[in-house]
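Beneath this line is the structure, given in structure tokens, with notes to follow.
The values are calculated or read from the model by the stated rules, or taken from the named source; none is laboratory data. Fair warning: this is a prediction, and the values are worked out from it, not measured in the lab. Cβ coordinates were reconstructed from backbone atoms using ideal geometry, including for glycine residues, and neighbour counts include every protein chain displayed. Side chains are part of the model used for accessible areas, which takes the heavy atoms of the whole protein and leaves out ligands, DNA and RNA. Shrake-Rupley method; radii C 1.70, N 1.55, O 1.52, S 1.80 Å.
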Amino acid sequence: MNYDLATTDLTYADLIARMRSRELLPLWEQVRRLNTDHPQPKAVPWLWRGEDIRPLAEAAGRLVTIDRGGDRRVLVLANPGLDGMPFTSSTLWGAIQYLGPRETAPAHRHTAAALRFVLEGSGVFTTVNGDRVDMAAGDLILTPGWDWHDHTNTSDGSMAWFDGLDLPAVYNLDAVFFERFAESMQPLTGSDLSEVTHAEAGVRPTTEEVPLKRQVRYRWERTDRALDALLRESGQCSATIEYIDTRTGGSVLPTIACEAQRLLPGYRTPTRRHAGSRICVVYEGSGIAVIGGKRFDWERGDVFVAPSWAAIDLESHTPSSLFWMTDRPLLQALGLYRQHQAEQHQVIEATFEPT
Ligand SMILES: [Fe+2]
């Protein structure tokens, strides 16, 4: 269609049509949709029940073999607000990985950074760049971006753990790279090597022959002890610690921060909002989360997500331990992080029912 742009007969519709024909859009028609008063995430608050996941993971263990075509037997916690994408929020990926007896999930590496939080079981090790790292219940294991990693189950029992990645963020930044190792397993260069330089809290080596490696295993007994000590000392009903990169004091991964929280019954945490999303893995106990005015009942093995800027608070029924992953470091690096604490608790308007 031809328009004489200089003529006064040009209508508004003509203008828009001509713009669209040149792949131009009028911002004035979209500005309110883009410049919202606060984040408007497509992801919705959601909860996945451990009692639903576990039998499905075991069935997948029988029906889906791990081979070079599949690599990983993973049940992704797919947020129903994200149009079928296998993402838990716009930036974070949460999943349950299941490894059967004597199985190996082959070695590979990818630019997305990953962590494992072990829900139960033992007898599995993850090899991170040749370092054999044993995995026990409650441990946090890091496989940073572009580090080789494979998982091997040496036991006669199965094991399941929570996988957390920044894959949605990396995917949306068009920065995904992936590579398979030539062999199924990496050759081992040692065992728990990263703990050689992180054997004790509060010290670091200056012996140059032993390079300061990144700590990749955070044992549960230390987390447990730290939370107990904090609760005892503070006299409060809630204590939270952040896992840190012991080389820098910063977050464990460039894009992901991890925290452990212990809650005692009879206390409701303040209602807060955070820019960026967060995933919670319930390691012990039971209680409720209120997210965006909706009540979510949680217990051991459940996982729930709070999208960006959703109001959230918690209350436990029994002494509870929660593992959190958030994208805070990513937002902070971009100057986008903010949080807000409400003066009063949010009102509970509905109760979550999974579809
Ligand atoms: Fe991986």
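Given the chain, what percent of its DSSP beta bridges are antiparallel, to the nearest 5?
Working: 81 of 85 bridges.
About 95 percent, rounded to the nearest 5.
In the range 4-44, which trypsin sites (Lys or Arg not before Pro) are in a loop and have at most 15 other Cβ atoms within 10 Å, using DSSP for the loop call? Write down the numbers at each step before the final one.
Details: sites: R18, R20, R22, R32, R33, K42; in loops: R22, K42.
Answer in residue order: R22, K42.
Please report the net charge: other residues with Cβ closer than 11 Å to the Cβ of P329, K and R +1, D and E -1.
Numbers: positive: R328; negative: D166, E242, D245, D327.
Within the 11 Å Cβ shell, the charges total -3.
With θ taken as phi - 60° and the coefficients 6.51, -1.76 and 1.60, list the Karplus ³J(HN,Hα) couplings across the range 342-351 in order, rounded to whole Hz; mark glycine and proline as x.
Coupling constants for the range 342-351: 6, 6, 10, 5, 5, 7, 7, 9, 7, 10 Hz.
Please compute the length gained on full extension between R219 and F181, using 0.36 nm multiplied by the number of residues separating them and subtracting their Cα-Cα distance. Each step should come with its number before you reach the end.
Values: separation 38, 0.36 × 38 = 13.68 nm, distance 2.74 nm.
Length difference between fully extended and current span is 10.9 nm.
Which whole-number percentage describes the relative contact order of the chain, with Cα contacts under 8 Å and a sequence gap of 6 or more? Don't skip to the end; give the middle numbers.
Details: 805 pairs, mean separation 55.8, N = 355.
Across the chain, relative contact order equals 16 percent.
Under the rule of -39500 (n - 2.57) per DSSP H run of 4 or more residues, summed and divided by the residues of the chain, what mean residue ellipticity at 222 nm is obtained, to the nearest 500 deg cm²/dmol? Don't jump to the answer; show the numbers that get you there.
Working: 6 runs with 55 residues, N = 355.
Taken over the chain, the calculation gives -4500 deg cm²/dmol.
Antiparallel DSSP bridges in the range 46-195: what percent, to the nearest 5? List each step's numbers first, then the result.
Values: 36 of 38 bridges.
Close to 95 percent.
May I ask you to list the trypsin sites (Lys or Arg not before Pro) in the range 56-114 that are in a DSSP loop and have at most 12 other Cβ atoms within 10 Å of their Cβ?
Values: sites: R62, R68, R72, R73, R102, R109; in loops: R68, R72, R73, R102.
Here the sparse-neighbourhood loop sites are R68, R102.
Determine the relative contact order of the range 219-351: mean sequence separation of Cα pairs under 8 Å and six or more apart, normalised by residue count, in whole percent.
Numbers: 311 pairs, mean separation 38.3, N = 133.
Relative contact order, the range 219-351: 29 percent.
Can you work out the accessible area per residue across the chain, with the rest of the protein chains kept in place, probe 1.4 Å, in square angstrom? Mind dumping the intermediate values first?
Details: 17820 Å² over 355 residues.
On a per-residue basis, the chain sits at 50 Å².
Can you give the translational diffusion coefficient of the chain in µm²/s, computed by Stokes-Einstein from the Kirkwood radius over Cα pairs at 37 °C and 0.692 mPa s?
Working: Rh = 22.2 Å.
In µm²/s, the coefficient is 148.
Whose amide H sits under 5 Å from the amide H of R300, counting only residues 5 or more places off or on another chain, with H placed in the peptide plane?
The answer is G285.
Kindly express, to the nearest 10 degrees and within the range 0 to 90, the angle between helix 220-234's C-alpha long axis and the longest C-alpha principal axis of the chain.
Compared with the principal axis, the helix lies near 80 degrees.
To test your reading of the geometry: what angle, between 0 and 90 degrees and rounded to tens, separates the Cα axis of helix 50-63 from the longest principal axis of the chain?
Computed tilt is about 80 degrees.
Under 5 Å between amide hydrogens, which residues at least 5 positions from A113 or on another chain qualify, with H placed 1.01 Å from N in the peptide plane?
Placed amide hydrogens put G145, D166 under 5 Å from A113.
Can you check what the Kirkwood hydrodynamic radius comes to for the range 219-351, Cα pairs only, in Å to one decimal?
Details: mean 1/r = 0.0653 Å⁻¹.
Roughly 15.3 Å, rounded to one decimal.
Got a number for carbon plus sulfur as a percent of the chain's accessible area, 1.4 Å probe?
Details: 9320 of 17820 Å².
Ligands and nucleic acids excluded, carbon and sulfur reach 52 percent.
Whose amide H sits under 5 Å from the amide H of A136, counting only residues 5 or more places off or on another chain, with H placed in the peptide plane?
Excluding prolines and chain starts, which carry no amide H, there are no hits.
Decide, for the range 46-195, between rounded, prolate and oblate: order the square roots of the alpha carbon gyration tensor eigenvalues as a ≥ b ≥ c, take rounded if a/c falls under 1.5, and otherwise choose prolate if a/b is larger than b/c, else oblate. All intermediate terms of the calculation are to be shown ahead of the outcome.
On the way: a/c = 1.59, a/b = 1.16, b/c = 1.37.
Verdict is oblate for the range 46-195.
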